[in-house]
Amino acid sequence: MSKSIQKIIIVDDEEAIRLSFSAYLEDLGFEIITAASAEEALKVFNSFQADLAIVDIRLPKMDGNQLIKKMQELDDRIKFLIHTGSVYYQLPAELSDIGIRPEQILIKPLNDINILMAAIQKLDKGI
Amino acid sequence: MTAKGEIGRLAKAFNDMVVTLDRTLRELQDEVTARKMTEEALRDNVEMLRATFESSDDGIIVLDSNKKITHYNSRYLEMWNIPYEQMITAKSSDIFNHIYVQLEGENRDEIANALIQSFQSGEKYRKIVHLKNGSVYESYSSPLIRDNKLVGRLFSYKDVTERMQYLAKIKDQEENYRTIFDSVNEAIFIHDKDSIKIIDVNRAACQIYQLSREELLKMDVGALSAGYEPYTSKEAAEKLRIAVTEGPHTFEWLARKKDGTLFWVEVSLKLSRIMGNERIIAVVRDISDRKKAEEALRESEERYRSIYENATMGIYRTTPEGELLLANPAFLKMFGYQTIEELMEMSKREDISERGYDREDFIRQFDDKSEVRGYESTWRKKNGQVVYLRENAKAIRDKNGKILYFEGLIEDITEQKKLQAEIAKVRMLLSNIVNSMPSVLIGVDPKGIITQWNRQAEFKSGIKSQKALGSPLNKVMPRLAEELNKVTETIRNRKIHFHPKVVEETEEGRRYSDITIYPLISNGVEGAVIRMDDVTDRVRIEEMMIQSEKMLMVGGLAAGMAHEINNPLAGMIQNAQVVVNRLSANLPANEKAALAHGTNMKAIRGFMKDRDILKMLELIQVTGKRAAQIVESMLSFSRKSDAGIVPVDINDLIKSTVELADSDYDLKKKYDFKKIKIDYKLDTTLPQIPCEPVKIQQVVLNLLKNSAQAMAGYAEQTIPTITIKTFLLDKYVQIEIEDNGPGMDEEIRKRVFEPFFSTKPVGVGTGLGLSVSYFIITENHKGQMQVESTPLQGTKFIIKLPLERIRL
């Protein structure tokens with residue numbers, strides 16, 4: 001990967017989660033933007049130019065899977081982490097087709113928030 | 001003709017003789033008188049007459065017409081005891097008086113009157129004169145006529161005492177004979193030999209023939225006979241003739257009574273001489289009764305013969321040596337022979353018994369009795385078929401007790417034997433079926449007495465059927481006592497009674513039985529069959545299934561709400577961690593913000609420490625994580641795929657799990673796991689089994705933890721020990737993990753696998769450990785998991801894992 005991750009968009013309809021992640025990542029020096037829905041995220045997507053999107057799957061209208069697909073279409077170099085509360089979540093075929101792997105799924109709640117950083121570092125290293 | 005007649009004749013002859021004598025005498029007297037009166041000259045004659053007169057045996061006296069005694073002889077004086085001297089001077093009146101007093105009183109006056117009247121009438125008379133001294137005289141009186149002129153009267157007396165006595169004796173005898181003659185029961189006819197006419201009959205003859213003597217004497221024998229051949233007068237005459245020509249003979253005769261009734265008699269004819277006459281004496285006996293008896297006997301004999309000939313039972317008589325003396329057709333038929341001779345010949349040639357007939361044994365049966373019943377023997381018939389016989393035999397002995405022969409009845413019981421064998425076979429089959437049933441089957445009568453006790457009943461109760469049969473059920477199996485009421489009810493209602501899951505506490509723990517009572521109403525035999533099935537295993541499985549259902553429900557619920565809970569938990573836990581970061585981490589932003597507010601991180605950290613803020617934040621994270629853990633555990637209660645199933649050596653897995661437990665911080669610190677003795681009893685020959693090792697490890701670890709927790713602080717005098725056993729059982733590998741801890745009671749034991757059931761203080765356990773374990777074993781691995789425990793004696797968990805993967 002040529003460019004390391006700087007800018008992250010967090011999409012989650014739960015404010016507590018948006019806040020915990022954004023505060024944690026800001027403190028680590030990342031540039032953060034948050035969105036409470038897929039529609040909101042897409043609105044700011046082009047202007048923000050995120051390197052990484054952390055996406056909740058169950059969202060009010062458009063769901064996380066579709067959002068990831070859309071973002072991928074808009075910007076094919078963006079990376080993704082899926083942060084979901086549904087324990088039985090399985091990667092749909094269209095996401096694995098665009099190269100998203102099970103390691104990119106984080107199940108809520110993270111017992112240790114540092115797991116998030118570890119996941120970002122892994123992505124950054126292109127693993 | 002009769003004896004009486006004979007005697008009469010005799011008497012008459014005698015009389016005639018006397019009369020003749022009298023006449024002679026009288027003629028003589030007349031002649032003497034005449035001569036006296038007419039011729040003195042005829043002195044010689046007179047003298048002779050006088051001498052005759054004097055020597056006469058008769059006493060004679062003659063009176064003249066003036067009643068003066070003119071003549072008398074010495075015999076007269078002698079007969080009347082008149083002394084000669086007195087006679088010389090006596091007048092006739094003196095003599096008369098003299099005679100009179102000697103007469104017997106009864107006919108004294110009659111005699112006296114006759115005497116007196118004779119003088120007036122001049123008649124002759126003859127009288128019998130009885131004297132007081134017992135002599136009997138016959139007196140004769142006659143007038144004396146000379147020249148047609150009455151000149152006097154003659155009286156003569158003849159001594160007839162002896163003759164009269166003789167006559168009386170004869171009469172007596174005759175009467176005796178008559179009495180005998182009339183008193184016999186047989187009819188007696190006396191026939192004249194030549195005319196064959198009936199000349200006398202006795203009273204019995206009158207009675208038997210219903211005819212009077214007079215009637216009988218007039219009848220011909222033909223009229224007293226049936227009247228048809230060969231019982232006619234002609235044949236009767238012939239019979240009488242034979243008695244004369246050939247001697248006495250006896251024959252049966254069909255006789256006729258007055259009213260025409262015919263009856264059988266036996267006649268004995270004999271020629272006899274009676275009073276000098278030849279007579280045929282016929283003795284006739286009524287033999288109707290004898291004839292009837294003979295007839296009855298003949299009929300009876302015919303009947304018996306018919307029975308003998310036609311009986312379906314064999315009738316025989318044999319000698320002790322086995323010689324067949326008598327055998328009826330049925331007997332021969334049983335052996336298949338036509339005649340006794342044929343049968344005897346065959347039996348002499350070869351042994352016709354099927355299994356060696358022991359004659360000695362048969363005879364021994366009679367050692368102490370005269371009759372044997374139901375003696376069985378087996379024979380081969382003429383056609384080779386086997387015949388089973390049963391006999392009732394009787395020994396006939398002589399007066400010394402020696403057996404003369406045997407008589408008996410035999411019965412062909414071949415069919416019966418076949419049936420018996422068939423019945424025995426069926427009974428054996430039924431008994432085998434009943435005994436091979438896995439259920440306890442107990443038959444009872446309406447009074448609760450045991451009539452059936454199958455092998456399973458023996459096995460379950462430890463009581464042999466010989467002992468149980470005939471005993472009251474409530475004594476033999478007290479636990480069924482209360483079912484007895486149902487037995488009565490069942491018999492009355494004829495309805496099957498079902499009582500499921502009846503509990504029994506045994507030494508091996510609680511057992512469950514389904515008890516079914518079936519009414520038995522067949523052929524009037526009342527009773528019931530109690531069927532008892534041990535359904536403990538089924539009940540346990542049901543319990544487990546209920547557990548599984550509960551867990552699946554929890555799993556489903558958890559899956560549905562996991563997302564909803566996990567999101568807030570994530571917000572809570574993650575924010576708490578970020579808060580800690582922002583309050584304590586050496587972040588430039590933290591310092592910058594602190595300075596902006598006139599303080600520094602050092603001060604803030606001091607404040608936090610003093611106020612235990614960080615500790616609280618940590619607790620938020622810990623408790624949040626525990627909530628997350630609960631949700632995760634609940635999520636285990638859902639079926640998952642076969643992913644992760646690999647062949648595993650269970651023994652290795654157990655050992656590695658124990659090592660893991662050793663290094664477990666909580667176990668080490670809180671429960672002194674190191675102090676617990678692990679006792680391995682592992683079967684090293686176990687094959688690898690397909691399972692999810694991580695899951696099984698989770699289960700084993702959970703059990704080790706539970707045991708360690710249970711034993712902590714319990715029974716310090718004993719070494720806390722966990723015994724782990726593995727072995728092969730059926731198609732499973734069985735793992736037993738047993739501790740010697742405090743154990744648990746039945747109430748707890750029943751609930752240990754329930755989700756959220758916990759005996760630990762709140763916060764110590766989730767109440768899901770055992771239920772998750774149970775779920776892993778039974779649902780994920782299709783194995784079985786049980787717990788056995790007795791308070792104060794430890795707890796044993798039993799896990800059974802199938803040797804082969806059972807597809808979900």
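Where a number appears in this text, it was derived from the coordinates with a stated rule and is not lab data. Please read these numbers as outputs of a predicted model, since none were measured by experiment. In this analysis, Cβ positions are derived from the backbone assuming ideal geometry, glycine residues included, and neighbour counts consider all displayed protein chains.
Structural remarks
- Counting Cβ atoms of other protein chains within 10 Å of each residue's Cβ and taking the mean over peptide A:88-96 gives 1.
- Placing unit charges on the Cβ atoms of the charged side chains and taking the dipole of segment B:235-382 about its Cα centre, the candidate lying farthest along the positive direction among B:ALA282, B:LEU343, B:GLY356 is B:ALA282.
- Compared with the dominant principal axis of the Cα atoms in chain B, helix B:484-493 is inclined by about 70°.
- Relative contact order (%) - criterion: Cα under 8 Å, at least six apart; region: segment B:398-530: 18
- Radius 13 Å from Cβ of B:LEU103, net charge of other residues (Lys, Arg +1; Asp, Glu -1): -1
- Added length on full extension, which subtracts the Cα-Cα distance from 0.36 nm per residue, B:MET428 to B:ILE307: 39.5 nm
- Note on B:LYS447 and B:SER183: their simple-model spin labels are 7.3 nm apart, each label 7 Å out from Cα toward Cβ.
- Inter-chain shielding of A:23-33 (mean C-beta neighbours from other protein chains, 10 Å cut-off): 3
- Peptide B:553-563 has a mean of 2 when you count, residue by residue, the C-beta atoms of other protein chains within 10 Å of its C-beta.
- Computed with the Debye formula from one identical point scatterer per Cα of segment B:189-296, without solvent, the log10 of I(q)/I(0) at q = 0.22 Å⁻¹ comes to -1.28.
- Between B:ASN45 and B:GLU106, the FRET efficiency from the beta-carbon distance, with R0 = 35 Å, is close to 0.25.
- Cα-projected label distance for B:LYS615 with B:GLU215, points at 7 Å along beta-carbon direction, nm: 15.9
- Taking every DSSP beta bridge that has both ends in chain B, the antiparallel portion is near 95%.
- Against the empirical curve 2.2 N^0.38 Å, the C-alpha radius of gyration of segment B:167-242 lands at a ratio of 1.24.
- In this Cβ point-charge picture (+1 for Lys and Arg, -1 for Asp and Glu), chain B has a dipole of about 4000 debye about its Cα centre.
- Loop GluC sites (Glu not before Pro), segment B:82-190 (other Cβ atoms within 10 Å of the site Cβ: 14 or fewer; DSSP): B:GLU123
- The alpha-carbon positions of chain B define a convex hull whose volume is 475 Å³ per residue.
- Share antiparallel - DSSP beta bridges, the protein assembly as shown, percent rounded to 5: 85
- Applying 0.36 nm per residue to the separation of B:ILE541 and B:SER465 and subtracting their alpha-carbon distance, the gain on full extension is 24.1 nm.
- FRET efficiency, 1/(1 + (r/R0)^6) with R0 51 Å, evaluated for A:GLN6 and B:ASP662 via beta carbons: 0.60
- Charge-dipole axis of the protein assembly as shown as Lys and Arg at +1 and Asp and Glu at -1 on Cβ define it, positive-most pick from B:HIS597, B:THR232, B:LEU150: B:HIS597
- Cleavage-rule hits (trypsin sites (Lys or Arg not before Pro)) in segment A:7-72: DSSP loop, at most 12 neighbouring Cβ within 10 angstrom: A:LYS61
- Dipole moment magnitude, nearest 20 debye, segment B:550-636 about Cα centre, only Lys, Arg, Asp, Glu C-beta charged: 220
- Each label was represented as a point 7 Å from its Cα along the Cα-to-Cβ direction; for B:VAL503 and B:LYS68 these points are 16.9 nm apart.
- Projecting the Cα atoms of B:TYR304, B:ILE496, B:TYR316 onto the dipole axis of the protein assembly as shown, where Lys and Arg carry +1 and Asp and Glu carry -1 at the beta carbon, places B:ILE496 farthest toward the positive end.
- Rounded to 10°, Cα long-axis angle of helix B:693-711 versus longest principal axis of chain B: 80
- Taking segment A:1-54 and dividing mean pair separation by its residue count, relative contact order in percent (alpha carbons under 8 Å, at least six apart): 50
- With an a/c value under 1.5 for the gyration tensor axes a ≥ b ≥ c computed over the alpha-carbon atoms, chain A is described as rounded.
- Sparse packing (at most 15 other Cβ atoms within 10 Å of the Cβ) combined with a DSSP loop state is found for the following trypsin sites (Lys or Arg not before Pro) in segment B:415-523: B:LYS447, B:LYS464, B:ARG494, B:LYS495.
- Shape category assigned to segment B:306-393 from the gyration tensor of Cα positions, a/c cut at 1.5: oblate
- The ranking of B:ILE798, B:ILE654 by Cβ neighbour count inside 10 Å, starting from the fewest, reads B:ILE798, B:ILE654.
- Radius ratio Rg over Rh of segment B:501-575, counting only Cα atoms, Kirkwood formula for Rh: 1.46
- Global form of segment B:736-796, assessed from the alpha-carbon gyration tensor, a/c cut-off 1.5: oblate
- Förster-model FRET efficiency, 30 Å R0, B:LYS495 and B:ASN435, C-beta, rounded to 0.05: 0.65
- Across chain B, the relative contact order, built from alpha-carbon pairs under 8 Å that are at least six residues apart, equals 5 percent.
- Potential lengthening between B:ASP94 and B:THR319 on full extension [0.36 nm per residue; Cα-Cα distance subtracted]: 70.5 nm
- Rounded to 10°, Cα long-axis angle of helix B:105-121 versus longest principal axis of chain B: 30
- Summing Cβ point charges (Lys, Arg +1; Asp, Glu -1) relative to the Cα centre of the protein assembly as shown gives a dipole of roughly 1660 debye.
- Helix-derived mean residue ellipticity, 222 nm - over the protein assembly as shown, DSSP H n ≥ 4, -39500 (n - 2.57), to 500: -14500 deg cm²/dmol
- For segment B:479-534 versus segment B:299-361, the inter-centroid distance based on Cα atoms is 57 Å.
- Sorting the segments B:365-372, B:213-220, B:190-197, B:789-796 by their residues' average number of neighbouring beta-carbon atoms within 10 angstrom, most packed first, yields B:789-796, B:190-197, B:213-220, B:365-372.
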